Amino acid sequence: MDYEMEELIPLVKELCDRYTGKESTSVTYEAAQQLMEAVLYCIHETAGDVDAAGVSDGRRTARMAYEYGYELAVRKVGQARELYNRMAEIFRSYGNKAYEETFRHGIPAFFLWYDVRLKPQDHIITMDYPVMKNLEGLCGIDAIWEYLRCLEAEQTFLARFPEDYIRQVNVARCADYEEYFINPCRIMLRHVLCCMLADIPADKNRFGEEDYMRLNEEVQSQDREGLKRKLTCLLHVLVKQKYYEDEKLSGYLKYDMADLAFELQNAASHSCLPAVV
């Protein structure tokens, strides 16, 4: 629902009072813009909410939407903190420093400094560790919540493999993987799917020349869309066999299928498959 400026300005004015501690009657343009974004962020939180939809009949004021959206954001922060605490008990970074630093230090810093009232649109940390889902367009607690759900899916996937094996596969892909912004889950996923694609035992941590030849034949035997569909089917088989048809997990891992199909075909056409897997 769109609201007129005359409904939004009083809300911004109240935030200005909080921002200045009522010690000043004016703020900078940048600060006022930030506070307007805070109001709009909370109102946007009500979009798609079942309870909010029940009262969005044209009589809900901007203040009602803002306060309800603020409550939703606070609730989401609590849910995110609970998810983080559950994950922290079993989290493994598999030697990757960016993974470790982001989870152990970056995310707790978010919970420490996040201001739901004055800066709900600011997620503070840079989230340097790259997940497979594109989170562009998300900010504040929405970004952190989705980021944590991505990390949870990765931890679920990796937990089914021995840690030594995960490290060996990552070292085979990049000898210094611990030092780079590399996603160990993506590397492991691609390794397993390519083993399945080429009908190679998945317990091999390195491909030999014959293995690459078999993979190359499979990759070049179909177009990119066909390869993507084949990889997606193999992913469903993998998830069904090892993760009891975990739809949330497969939904996350599927984000890499288009990129993997493209990179495999590009690498095969240039005789450089080891650069991908």
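Any residue at all in the stretch 213-223 that is of a type in the set (Asp, Glu) and either part of a loop (DSSP other than H, G, I, E, B) or within 24 Å of the chain's Cα centre (by Cα) (or both)? Yes, because at least one residue in the stretch 213-223 is of a type in the set (Asp, Glu) and either part of a loop (DSSP other than H, G, I, E, B) or within 24 Å of the chain's Cα centre (by Cα) (or both). Within the stretch 83-125, being over 30 Å from GLU30 (Cβ atoms) and among the small types (Gly, Ala, Ser) holds for ALA88, SER93, GLY95, ALA98. If only residues of the stretch 224-265 that are among the hydroxyl-bearing types (Ser, Thr, Tyr) and assigned to a helix (DSSP H, G or I) are counted, the one that is modelled with the lowest pLDDT is TYR243. Taken over the stretch 105-136, the criterion of being out of contact with any Cys (no Cβ under 8 Å at 6 or more places or on another chain), under 19 Å from LEU72 (Cα atoms) and either assigned to a helix (DSSP H, G or I) or free of Cβ contacts under 8 Å to residues at least 24 places away in the same chain (or both) is satisfied by PHE110, PHE111, LEU112, TRP113, ASP115. Given the criteria surrounded by 19 or more Cβ atoms within 10 Å (Cβ to Cβ) and either out of contact with any His (no Cβ under 7 Å at 6 or more places or on another chain) or under 20 Å from GLU89 (Cα atoms) (or both), does ARG117 qualify? No. The one condition from (1) at pLDDT below 95; (2) assigned to a helix (DSSP H, G or I); (3) more than 27 Å from the chain's Cα centre (by Cα) that ASP51 does not meet is (3). If you go through the stretch 252-273 and pick out every residue that is loosely packed, with under 13 Cβ neighbours inside 10 Å and either farther than 21 Å from ARG206 by Cβ or in contact with a helix residue (DSSP H, G or I) (Cβ under 7 Å, 6 or more places away or on another chain) (or both), you end up with 1. In the stretch 1-36, which residues are of a type outside the set (Gly, Ala, Ser) and surrounded by fewer than 10 Cβ atoms within 10 Å (Cβ to Cβ)? Listed by number, the residues that qualify are ASP2, GLU4, MET5, GLU6, LYS22, GLU23, THR25, THR28, TYR29, GLU30.
The values are calculated or read from the model by the stated rules, or taken from the named source; none is laboratory data. This one's a predicted model, so the numbers in the text were calculated from it and none came from an experiment. Neighbour counts run over all protein chains shown; Cβ positions are idealised from the backbone, glycine included.
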